[in-house]
Amino acid sequence: MRGPAWPIAALLVGYPIWWALGFGGLSVIVLAVPMAAILWRRRPIRLPRGFGLWLLLLAGYLLSAMMLDEMPPGTYGGFGAGRVIGYLMRLLLYVALLIMVLYLGNLSERELPQLRLVRMLGVLFVTTVAGGLLGVLFPRFAFTSPVEMLLPGWISDSAFVQNLIHPTAAQTQHVLGYASPRPEAPFEWANAWGSNISVLLVWFLVGWWVYGGPRRKAAAVVLTAVAAVPIVYSLNRGLWIGLGLGAVYLMVRVGGRTRIALATAACAGAAVFALSPLASLVGQRLDNPHSNDIRAFTVAATIKAAGHSPIIGYGNTRNAMGNHRTITTGKTEWCSGCGHPPLGSDGQLWLLIITQGFAGAALYVGFFLGAIRRYWRDRSPIGLAGVLVMILVLLYMFVYDGLVTPLSLYLISFALLWRNSP
């Protein structure tokens with residue numbers, strides 16, 4: 001795209017290229033540089049209502065750096081480069097996302113029409129479906145990216161960094177009691193894929209179905225049906241709950257023939273799904289909720305640790321001693337993958353509690369709750385879709401980390417609501 005909106009097109013439409021290069025979710029940091037330069041020339045910069053909460057959230061994260069070398073009781077690990085790198089990468093992402101939201105909100109409708117932005121998100125949905133199918137059909141697909149080749153080992157060997165720069169098609173996990181792939185391409189984690197496809201599906205349907213002609217509507221039906229395959233194979237219960245919540249939300253908020261059409265489509269889709277082989281896979285996942293115990297342990301340990309620094313947190317995650325079964329767990333020479341997930345790894349809410357304390361978590365929740373309150377009366381397709389995404393944010397914060405790519409999509413959705421308001 002020509003004109004000042006090109007960084008957004010490069011981010012959303014060009015995302016597969018960024019992923020292949022090894023930037024992936026970090027691409028927003030790269031593109032924030034030209035966005036900031038363009039914004040600087042456009043001063044004064046407009047701010048959305050309620051954005052002060054987000055600025056306070058960022059300020060709180062800066063203060064949390066003072067606690068990076070502290071160890072709360074019940075955790076282990078030494079202060080080192082990995083902890084600092086993780087903190088700095090999150091800080092850069094927060095700043096880049098701040099710039100991106102302001103950039104989107106300060107572009108005029110002529111420079112970036114709302115429908116064009118929505119359809120860019122629809123293109124990323126198609127990319128996500130393709131990546132999901134890649135993970136289902138070729139789960140071992142992976143390669144060393146150019147960024148990974150160039151980075152020194154002491155940076156690229158960090159688990160957090162490795163997930164961002166090493167392209168893989170799927171995560172193989174024993175969710176069902178045996179090894180099964182969960183799609184993650186072109187994102188950093190399988191859970192990020194689940195969060196992202198649900199948000200992108202909302203915008204895809206707005207751009208291709210609500211505002212689409214006959215050809216776009218036909219393509220929307222086909223692509224949505226195809227997306228059901230990786231959605232089921234993701235074994236992602238949070239994603240499934242989110243899709244169900246979205247269907248209920250729309251049937252409550254729309255009326256007349258639209259509500260009848262939605263209910264009919266939902267019933268028809270449920271009947272087709274129940275008769276398909278995918279239904280048995282869902283049943284197996286619901287019969288194997290072993291991750292519940294892991295999550296319960298991690299959440300409890302996170303809250304306990306954060307209680308020793310409730311205002312500014314610890315700047316980065318920490319490792320808990322033991323897990324939900326034993327007090328002796330961790331990496332060994334013969335099992336490098338053993339151990340327990342870091343505190344805060346089971347959802348953005350818990351990540352904020354350990355990194356920024358309960359105050360940071362409250363600011364995050366308040367920001368998205370405020371967006372729902374302010375834009376609830378916008379009953380346009382974009383308004384309804386944007387508020388739905390804000391609701392999904394508050395649902396997913398209990399089970400999904402927002403960083404890296406999910407938070408980008410959450411804030412683009414917020415920017416769409418802001419741009420749509422008078």
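The values are calculated or read from the model by the stated rules, or taken from the named source; none is laboratory data. All of these numbers come straight from a predicted model, not from anything done at the bench. Positions of Cβ are backbone-derived with ideal geometry, glycine not excepted, and every protein chain shown enters the neighbour counts. With ligands, DNA and RNA removed, areas are computed over all heavy atoms of the protein, side chains included. Shrake-Rupley method; radii C 1.70, N 1.55, O 1.52, S 1.80 Å.
Residues of region 74-107 with an amide N closer than 13 Å to a point placed 7 Å from the Cα of Lys304 along the Cα-to-Cβ direction: 74-76. Each Lys or Arg adds one and each Asp or Glu subtracts one; over the other residues with Cβ under 12 Å from the Cβ of Gly383, this totals +4. A cut-off under 14 angstrom between Cβ atoms defines the neighbours of Thr302, and their net charge, with Lys, Arg +1 and Asp, Glu -1, is +1.
Over all distinct Cα-Cα pairs of the chain, the Kirkwood formula returns a hydrodynamic radius of 22.3 Å. For Trp189, the shell of other residues with beta-carbons less than 10 Å away shows a net charge of -2, using +1 for Lys and Arg and -1 for Asp and Glu. Projecting the Cα atoms of Pro214, Val199, Ala415 onto the dipole axis of the chain, where Lys and Arg carry +1 and Asp and Glu carry -1 at the beta carbon, places Pro214 farthest toward the positive end. The mean accessible area for residues of the chain, using a 1.4 Å probe and ignoring ligands and nucleic acids, is 45 Å² per residue. Accessible surface of the chain, 1.4 Å probe: 68 percent of it comes from carbon and sulfur atoms. As a length-normalised measure over Cα pairs under 8 Å and 6 or more apart, the relative contact order of the chain settles at 21 percent.
Take the Cα of Leu55, step 7 Å toward its Cβ, do the same at Asp69, and the gap between the two points is 3.2 nm. When the charge dipole of the chain is built from unit charges on Cβ atoms (+1 for Lys and Arg, -1 for Asp and Glu) and taken about the Cα centre, the candidate among Ile354, Gly402, Gly14 whose Cα reaches farthest toward its positive end is Gly14.
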